[in-house]
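Below is one structure, written out as structure tokens; comments come after it.
The values are calculated or read from the model by the stated rules, or taken from the named source; none is laboratory data. Just so it is clear, the model here is predicted, and its values are computed rather than measured. Here the Cβ positions follow ideal geometry from the backbone for every residue, glycine too, while neighbour counts run over all protein chains shown.
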């Protein structure tokens, strides 16, 4: 497959390291906890008109990293995330999680948090979080224990018996994160999870997410159209071009952790934001 | 608090209605032979309720009603889901269902009698016929009320088709289906009573028809009162459950 080598070459060129399960930054990283995307193309047709949505997408994410994907509207970043979740099959290419190809949704390997919390309104917070385990036939006591652990992680243990309509937007999204984490998958995918929230809640949720991430030690792939949000949260930002979406660059965010809001006022933050903005605009 | 207000409201409306009913004939506002006072009708109902015939009639009608309902509801819901979920079936059958729905069902009653006679199954068949279209139409909107994002969550959790039907479709559809149950029961009950009035030797509808022809207004109104309480009771019970899961609709 010549395409494969071509993509591999482009990766080497860009990152100066051969393709491997273990990312260059984490020589000791657990090979089971990485995401690889190889040679991914995606075209779809509507009413006989074919559109190329994604082209030559190849990247990998090391265990425990926080990677954001940004790009102009319609660049296919959400489609890409749906592919990583196994919800959409790419026309070409391979997605592997923990070294094994992912061809259909597997919540034990990949947890997903959607833009709308998408909780089931007839279930309490705890039962929403238990739901993935319930589908797999996990017994009641263990389900409850796991759900309570996950709810405690997102700081909602006191709201376990609340119904979704009794919770605020931010709280619902935290329940949704707990649901994504309840099966302890190495990777959590997030599709513009805070886009529907107001500005203040969005900032609070960002900090909350970083706290959860540091505690749970997950790999997070985060799709957003907010550049500041992406820079503030991430170790690295993958910048996609307009349609067909191609990888323009992978920007390492060298701001120290823990992150704090006043970093947004630092020149380095502005510099990174400026650089990414120019790439997208071009 | 809201429930208490509602109960008070119902009580007040009922009291005003009964007071007017009692007063109108007694004060000579209406002809007492056409509208006997409430207390007389209530007394007649009490006397009827003490007879075995009354309960036999009630039992028969309720059995017909529930049998028809037990057939029409699952049948309508199943057909509704199948039609709504298939593009082709939607295209072909939806207009037909809407057309048939708009035709008054009562004009078909003589045909049912010609085919099925005037016994139990004719009433049930006509009840099903009166009900199944409204159930199908409500089911269409019930299926539409299932949210795409919730289905996507189920897919992302690798749920099987059966799991999606049981744990996403069904609970999502419940509020709208309850509405279907409520409205369908009105259609169903109407169909059964009409069939009994038109051609039957027994049942509540038959009794009302016979009393009407015999000018036995007190008995007739007593039965009307009884049927009304039954129908309102069922309707309100389902409405109560509907209100409980109102927030499911988002």
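When each of A:178, A:150, A:141 is tested for being outside the structural domain of residue A:44 (by TED's automatic domain parsing), surrounded by fewer than 18 Cβ atoms within 10 Å (Cβ to Cβ) and assigned to a helix (DSSP H, G or I), the lone residue that passes is A:141. Applying the set (1) within 11 Å of chain A (Cβ to nearest Cβ); (2) in contact with a helix residue (DSSP H, G or I) (Cβ under 9 Å, 6 or more places away or on another chain); (3) surrounded by fewer than 24 Cβ atoms within 10 Å (Cβ to Cβ) to residue B:149 leaves exactly one unmet item: (2). Of the residues screened, residue B:166 is one that is within 12 Å of chain A (Cβ to nearest Cβ) and part of a helix (DSSP H, G or I).
Of everything in the stretch A:98-114 that's more than 7 Å from chain B (Cβ to nearest Cβ) and in contact with a helix residue (DSSP H, G or I) (Cβ under 8 Å, 6 or more places away or on another chain), which residue is farthest from residue A:134 (Cα to Cα)? Out of the qualifying residues, it is A:99.
Each residue in the stretch B:213-246 was checked for being surrounded by 14 or more Cβ atoms within 10 Å (Cβ to Cβ), outside any helix (DSSP H, G or I) and away from every other protein chain (no Cβ under 14 Å), and 1 pass. Taking the conditions exactly as written (surrounded by fewer than 21 Cβ atoms within 10 Å (Cβ to Cβ), under 19 Å from the mean Cα position of the chain (by Cα) and either part of a helix (DSSP H, G or I) or in contact (Cβ under 8 Å) with a residue 12 or more places away in the chain (or both)), does residue A:87 satisfy them or not? Yes, satisfied.
Filtered by the rule that a residue be within 25 Å of the chain's Cα centre (by Cα) and surrounded by 11 or more Cβ atoms within 10 Å (Cβ to Cβ), the stretch B:1-48 gives B:6, B:10, B:17, B:18, B:41, B:42, B:45, B:48.
Taken over the stretch A:115-130, the residue count meeting the criterion of being at the interface with another protein chain (Cβ under 8 Å from one of its Cβ atoms) and surrounded by 23 or more Cβ atoms within 10 Å (Cβ to Cβ) is 1.
Filtering the stretch B:120-133 for residues that are modelled with pLDDT of 90 or more, away from chain A (no Cβ under 14 Å), part of a helix (DSSP H, G or I) and over 21 Å from the mean Cα position of the chain (by Cα) leaves an empty set.
Mind checking which residues of the stretch A:166-180 are out of contact with any strand residue (DSSP E or B) (no Cβ under 6 Å at 6 or more places or on another chain) and touching a residue at least 60 places away in the same chain (Cβ under 8 Å)? Answer for the stretch A:166-180, where residues must be out of contact with any strand residue (DSSP E or B) (no Cβ under 6 Å at 6 or more places or on another chain) and touching a residue at least 60 places away in the same chain (Cβ under 8 Å): A:173, A:179.
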